[in-house]
Amino acid sequence: MRPLVGLMSRLGLRCLTVTGVLALAAACGGQAATQTTKAEPKANASASAVSAATLKPGQDVPPPAGKPAFTMTGKIAATNQTGGLAFDLPTVERLAIYEVRLYEPWTKQNTAFRGVWLQDLLAVAGVKADATKLHFVALDDYTVDLTMADIRAGGILLATRAGDGSALPIDKGGPTRIVFLNGVKSGANADQWIWSLKAIDVQ
Amino acid sequence: MRGRKAGQFPDLLATPARRWQRALQALLVIVMVSATAGVLAIVVQSSVLLGRMTTDVSVAQQRTTNLHNLQRETLRLLQQLTEFEQGGTVDAVAIRRGLVGRFLDVVQLLFPASSPQANELHKIHVALDSFDWAKLGEPATALSARTGAMTLVSRIEVRIKNLYDEQEKFFYAATLDSLAAKRKSQDAIAVLVSLAVVMAVCWLIVLRRRTRSRLARAYSALVTEVSERRTLQHQLTHQAFHDALTDLPNRALFMRRLQDSLAATDRATATAVLLIDLDGFKSVNDTLGHGAGDELLQRVAGRLRDCVRDDDTVARLGGDEFAVVMPAALPRDATAVSRRLIDALEAPFGVAGQEISVSASIGIAHLDDQSTAEELLSDADIAMYAAKKAGKARYAVFERELRDQALHRARLEQRLARAVELGEIEVFYQPIVDVGTDRILAMEALARWHHPDDGLISPAVFIPIAEETGLIGDIGRTVLRQACRTAQRWRTSVPGCEQLSVTVNVSARQLLADAFSQEVHDALRDSGLPPANLTLEITESMLLEDSGAVAAQLDRIKRIGVRLAMDDFGAGYSSVTSLLRLNVDLLKIDKTFLEVDGRSGGTLIRAITDLGHTLRMSVVAEGVETPEQLDHVRAAGCDAAQGFLLSAPMPEIVAHRYLQGARDASDRPPSLDPIGA
């Protein structure tokens, strides 16, 4: 014990402190490494109006003229068919159209989209006050839930076209898909970016 | 003290053993540091590895999931193509195909560009797109197109499945690796934490030890200081209560012991105090020096200490005065100890290369009912004085009478001192008469104390006191000057007294004072008395004190021209040698011879007178009180006589008248010239 004591008396606090700090740094290092590898380049998200709305909340939503793009069911006031609303793309595009530019986590590219704000869509659909979340279903039966709070926070777009105005093919995630402006909390997880929407159930 | 400190707190560099220990310490430091560094490296490495693996796993998971989705959509496409016959639509097939295409893109992006997997997926996508799906909508070609499509899709499905299997395997492997790395990392961290804990514990121990050793050092310093202070205090106390020379208790401690003893004594066994005074110590100091005196005192102290009982305390009160306090002492104990002390001092001391003998006079005082320590000590002092007076080397026990005497004496001393100041000491004169012619040869001047209340006090009482207190110097000088003046006046004013002499007694103390011969000279000069008309009377005992100094002094006096008389001859040693040596002019025979001669018929006086005459001295018989005695004296051939028969000592005025009357009685002038001179 005596030599050890001597040792400690020489190096003492300094040795201990250095060791402690290094150990802490090492312990944290692993965690830090795993997190920093996920860091993503952030594009400057921007949104600009393309066209004004011709279909406003309170107005009846006409039944789809052609093939419907997606349907809405659940706690909504407006209906145009039994059990809910059916939207074809032209009807959807009567809402105010915005063009957004954002980082798409799946293709890992900055991409432009055109579409309507999800809030606007819900307003047109007359979502009831007691609704708490939206249940999205894709053509491949993939599902995503978003809370009403997330949606009211804004920045979630129902994209109907690419940035250049061309329609979205299915193999690009069309005909409609949900995109999030960068920095929107609910879009942080790429799994939330549901594409090829089939139905929206308001719950 | 210093030595003990060094023992308690050794210098680490002091010995080889310490050096060895230091080497071990250094080694341990190195081991400890390298162990820490090694573990730290492992931790960092595995943390990085873990991070990478975690990424790999998460990527693999993502790929697996999406490959799985791709496979699922491919199967659905296949299913759609199978169901095509039973009312499937081209649109439905297109949707499925689109979804497959979508996943192909997504999955391809999950692999690095131009990796085999990415290339494979790209090829699959190209193959899917290059099929002419439009044929499916045309009834003519629908059947063959469907068969072709199914073949294509099922091939695609197999290729996708292969990719999936491969990716799944990788995922599992990556997961396992990741878990292993995680465990390794955790183990390393655990080791590191353990090391840190061990170091922390060691450090705490070091801190504690350091604090403890600092405390121990402080404590030891404190103890040292306290003990030093205590030692110092002890020394100071010892010094305060002990005599520096002999290391015996001093007066303060003696008094304390005495008081303690008095406080503790039950009256049956009383306390005794012995006061010891060395006889003749002063002469040792004077002749051999203070160094020898001090050495003698130390040796005496040692012998005294050996003589007393264990409970007794020997103290040195100062100078050559020692004291013993004996608690619980019976009277015979005190005397026994005293005798022992006196005996112990009997053997000579070898001091400064000489054999020196001293004796002690001891005064013993016993506890009295009312005695205080101071009284007891003063009682012992009185007894010691008595012992000294009774002769030396003996003891005396205090008695109440001694104290009364002492008190009386003390009172007398005070009164005598005052008497000298007030001039109460008168000079009386007694004639010395020629027995042949009845002429007055000389007048002896005698000091008389005429006390206003007590009347005349005998010289036998006050002269010894005066000698002891030193007042004899003053008294002697007064008597000498007055006698000279008076004698000169008589010589000049009384007819027939032109040759009158005066005799004055001189004490040993006066004679030993250096200034005495000068005083004699001054007295003669001031009075005008011729030196030959002054006779100084000395006694034999004076010669014992310091014969050398006395002889020198007497020699000086003789040279002035003053004459000498040997007083009280026959009362002491009756040394003929000293008579010869001192060149005495007048021999005064002590009165005891007259008394003795009353029976022996004057033969002794005759013998002494013959001796005196032989030595060319005049002979005077003292104390002649009866006519028969005068006859004896005359018959013995004495030159002169003195005594009450002739005349008692008289005051000056009476003496004056006596002289005038005596002139008528004889026509011959008085003469004290030695026969034949």
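Within the range B:33-43, the presence of at least one residue that is in a helix (DSSP H, G or I), more than 8 Å from every other protein chain (Cβ to nearest Cβ) and open to solvent by 60 Å² or more (accessible area, probe 1.4 Å) is confirmed. Out of B:Leu81, B:Leu75, B:Leu99, one residue alone is more than 12 Å from every other protein chain (Cβ to nearest Cβ) and either more than 15 Å from B:Arg159 (Cβ to Cβ) or surrounded by fewer than 20 Cβ atoms within 10 Å (Cβ to Cβ) (or both). It is B:Leu81. Taking (1) within 30 Å of B:Val100 (Cβ to Cβ); (2) aliphatic (A, V, I, L, M); (3) free of Cβ contacts under 8 Å to residues at least 24 places away in the same chain; (4) open to solvent by 60 Å² or more (accessible area, probe 1.4 Å) in turn, A:Ala86 satisfies each apart from (4).
B:Gly363 meets the stated requirement of being touching a helix residue (DSSP H, G or I) at 6+ places or on another chain (Cβ under 7 Å), closer than 27 Å to B:Leu402 by Cβ and either of a type in the set (Gly, Ala, Ser) or outside any helix (DSSP H, G or I) (or both). Among the strands (runs of 3 or more DSSP E) confined to the range A:45-129, the ones with at least 1 residues that are more than 14 Å from every other protein chain (Cβ to nearest Cβ) and among the charged types (D, E, K, R) are located at A:97-104, A:109-117.
Just the residues that are in contact (Cβ under 8 Å) with a residue 24 or more places away in the chain and assigned to a helix (DSSP H, G or I), please, taken from the range B:567-591. Hits for the range B:567-591 are B:Val576, B:Ser578, B:Leu579, B:Leu580, B:Arg581, B:Leu582, B:Lys591.
A quick yes/no check of all residues on (1) open to solvent by 20 Å² or more (accessible area, probe 1.4 Å); (2) in contact with a strand residue (DSSP E or B) (Cβ under 9 Å, 6 or more places away or on another chain); (3) not basic (Lys, Arg):
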| position | (1), (2), (3) |
| --- | --- |
| B:Asp379 | no, yes, yes |
| B:Val397 | yes, yes, yes |
| B:Glu401 | yes, no, yes |
| B:Gly423 | yes, no, yes |
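This table checks each residue for (1) touching a Phe, Trp or Tyr at 6+ places or on another chain (Cβ under 7 Å); (2) crowded, with 20+ Cβ neighbours inside 10 Å; (3) of a type in the set (Phe, Trp, Tyr); (4) in a strand (DSSP E or B).
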position	(1), (2), (3), (4)
A:Asp150	no, yes, no, no
A:Thr160	no, yes, no, yes
A:Gly165	no, no, no, no
A:Asp171	no, yes, no, no
A:Gly174	no, yes, no, no
A:Ile178	yes, yes, no, yes
A:Ser186	yes, no, no, no
A:Ile194	yes, yes, no, no
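Restricting B:Ser154, B:Ser185 to residues that are touching a residue at least 60 places away in the same chain (Cβ under 8 Å) and away from chain A (no Cβ under 14 Å) narrows the list to B:Ser154.
Where in the range B:387-482 are there strands (runs of 3 or more DSSP E), lying wholly inside it, with at least 3 residues that are at pLDDT 85 or above and under 28 Å from B:Ala515 (Cα atoms)?
Values: elements: B:395-397, B:425-434, B:440-451, B:455-457.
Because the criterion is at least 3 residues that are at pLDDT 85 or above and under 28 Å from B:Ala515 (Cα atoms), the strands (runs of 3 or more DSSP E) in the range B:387-482 that meet it are B:425-434, B:440-451.
When B:Gly436, B:Gly455 are screened for being at positive phi and surrounded by fewer than 20 Cβ atoms within 10 Å (Cβ to Cβ), only B:Gly455 passes.
Going through B:Ser178, B:Ser220 one at a time, which residue ends up being within 14 Å of another protein chain (Cβ to nearest Cβ), over 29 Å from B:Arg316 (Cβ atoms), touching a residue at least 40 places away in the same chain (Cβ under 8 Å) and open to solvent by less than 70 Å² (accessible area, probe 1.4 Å)? Step through it out loud before you land on a result.
On the way: B:Ser220 fails: within 14 Å of another protein chain (Cβ to nearest Cβ).
Step by step, each of B:Ser178, B:Ser220 is checked, and only B:Ser178 is within 14 Å of another protein chain (Cβ to nearest Cβ), over 29 Å from B:Arg316 (Cβ atoms), touching a residue at least 40 places away in the same chain (Cβ under 8 Å) and open to solvent by less than 70 Å² (accessible area, probe 1.4 Å).
The residues listed here are B:Val197, B:Val158; of these, the one that is within 60 Å of the chain's Cα centre (by Cα), more than 23 Å from A:Lys108 (Cα to Cα) and surrounded by fewer than 16 Cβ atoms within 10 Å (Cβ to Cβ) is B:Val197.
Among the residues of the range B:330-341, none qualifies, meaning not one is in contact (Cβ under 8 Å) with a residue 12 or more places away in the chain, farther than 27 Å from B:Leu402 by Cα and surrounded by 14 or more Cβ atoms within 10 Å (Cβ to Cβ).
Just one residue in the set B:Leu543, B:Leu512, B:Leu564 is in contact (Cβ under 8 Å) with a residue 40 or more places away in the chain, in contact with a helix residue (DSSP H, G or I) (Cβ under 7 Å, 6 or more places away or on another chain) and of a type outside the set (S, T, N, Q); that residue is B:Leu512. For the range B:22-32, taking the residues that are more than 7 Å from chain A (Cβ to nearest Cβ) and open to solvent by less than 70 Å² (accessible area, probe 1.4 Å), the one that is nearest to B:Ala181 (Cα to Cα) is identified as B:Ala26.
The values are calculated or read from the model by the stated rules, or taken from the named source; none is laboratory data. Remember, predicted model here, so these are calculated numbers, not experimental data. Glycine gets a Cβ as well: all are built from the backbone with ideal geometry, and neighbour counts include every protein chain shown. In case anyone asks, the SASA skips ligands and DNA or RNA and just uses the protein heavy atoms, side chains included. Shrake-Rupley method; radii C 1.70, N 1.55, O 1.52, S 1.80 Å.
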